[in-house]
């Protein structure tokens, strides 16, 4: 039953979604909306699992006095302190909002800004001319960059048109080919799960057992 | 009153058709009939090599499904690969660190790894502290992972799932610590970053073929072949659509468009 019951729930849920999406009566009964609400409720319950896992790991760090355990302590204070503040003040509370905007949003932006530096190192690696493909990549990237930046148009008026052509035709064609393959792949994966052939999500190696 | 939701008729029959084709191929495979082979996927071939290298170096292996939630098909592609990765790590006695941004995905991953260690006959080697929920925030998760990379220096970094702007940050951080990196996603915006920064990249549909490819199980291979047949059908439809659109300029009079939007 440990595997059969979740499998049955998976199959019924899959059929429920197809019925809700494709059949007029499913749309009339707003089955997909109901499904979304159930998912939100189940996610709210599962949030506790994440918090418990984090707490368990970091309590262990503190107990064993692992290197940097002070950061584990800080994490636990932030996690449970912020939760307590939210419970006391509510999510519209002044201090709760201030901590969010003054700390979390700023930290988020800081990590995001690292991307600018990483793009430079990745571009250097990608644009080294070693093969014909790398040369093509370098030339097309140079045209797109010049076409998108004002300096490109100042150098030659044709750069924006060339950049647009590269983005609209070869780039879009390649992206769509990848997407069509990905959609079909995801569809077949869903079908394998619905038919019970793929069971990795129920634990263990599922269909991908070692040879 | 019509039976189907507007615009969903083709969608429904497409599901039925692909279901029938897949069923036929599965039946053929079960009956021992010949199933066409699928091409070599370098990224999947490299999984064992990367875990072997990590074992030799005495450093851990890291695996992540990215930011996709429990309902993302890419996350299921990760689930299908994770059991294999965990079993290899158990077999080679290599530490596996698995990090998550979604708590539901975390629970499933925990179960997959625990079960894989059990199936490999090494339940004692399973460490629950190495399956980690880091943060629900995109960049909170990213910064936690950057810290983990710097402290624990995994020798193999496997990223299969759905990624957003953090893809390049993670891939570059992995490259800087000298990890062998295998990445796979369907996100066309992040694929170029993975191609630039990782050793092997699984492009789009390749991540879904993982379980079939790894196991060489004819039933699973049959479903991949069914998918390829439909890909040919979709591309033929595109060619026919292009021809019809060039002949009939008015989209309202285009029979293919009206049929698809029915």
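The values are calculated or read from the model by the stated rules, or taken from the named source; none is laboratory data. The structure displayed is predicted, hence computed values, not measured ones. Here the Cβ is made from the backbone with ideal geometry for all residues, glycine too, and neighbour counts use every protein chain on show.
Residues in region A:13-40 that are more than 26 Å from the chain's Cα centre (by Cα), assigned to a helix (DSSP H, G or I) and exposed (fewer than 15 other Cβ atoms within 10 Å of the Cβ): A:24, A:25, A:28. Every condition in (1) within 12 Å of chain A (Cβ to nearest Cβ); (2) in a helix (DSSP H, G or I); (3) more than 30 Å from residue B:261 (Cα to Cα) holds for residue B:12 except the one numbered (3). If only residues of region B:208-244 that are without any contact (Cβ under 8 Å) to a residue 12 or more places away in the chain and more than 10 Å from chain A (Cβ to nearest Cβ) are counted, the one that is nearest to residue A:194 (Cα to Cα) is B:232. Residues of region B:151-180 that are out of contact with any helix residue (DSSP H, G or I) (no Cβ under 7 Å at 6 or more places or on another chain), more than 8 Å from chain A (Cβ to nearest Cβ) and without any contact (Cβ under 8 Å) to a residue 60 or more places away in the chain: B:176, B:178. Considering (1) within 14 Å of chain B (Cβ to nearest Cβ); (2) touching a helix residue (DSSP H, G or I) at 6+ places or on another chain (Cβ under 8 Å); (3) over 17 Å from residue B:146 (Cα atoms), the lone condition that residue A:112 does not fulfil carries the number (3). Counting only helices (runs of 4 or more DSSP H) that sit completely within region B:21-126, those holding 3 or more residues that are within 14 Å of the chain's Cα centre (by Cα) correspond to B:42-57, B:73-92.
Counted as qualifying within region A:102-205 are the helices (runs of 4 or more DSSP H) with 1 or more residues that are surrounded by 16 or more Cβ atoms within 10 Å (Cβ to Cβ), under 22 Å from the mean Cα position of the chain (by Cα) and without any contact (Cβ under 8 Å) to a residue 12 or more places away in the chain, namely A:105-127, A:172-194.
Among the residues of this structure, residue A:86 counts as one that is assigned to a helix (DSSP H, G or I), within 28 Å of the chain's Cα centre (by Cα) and either in the same structural domain as residue A:48 (by TED's automatic domain parsing) or at pLDDT 90 or above (or both).
Residues that are within 17 Å of residue A:197 (Cβ to Cβ) and either buried (at least 16 other Cβ atoms within 10 Å of the Cβ) or in contact with a strand residue (DSSP E or B) (Cβ under 7 Å, 6 or more places away or on another chain) (or both) within region B:4-37 comprise B:15, B:18, B:19, B:21, B:22, B:25, B:26, B:28, B:29, B:35, listed in sequence order. All of (1) more than 7 Å from chain B (Cβ to nearest Cβ); (2) at pLDDT below 85; (3) within 28 Å of the chain's Cα centre (by Cα) hold for residue A:209 with one exception: (1). Apart from one condition, residue B:183 fits all of (1) surrounded by 14 or more Cβ atoms within 10 Å (Cβ to Cβ); (2) within 12 Å of chain A (Cβ to nearest Cβ); the exception is (2).
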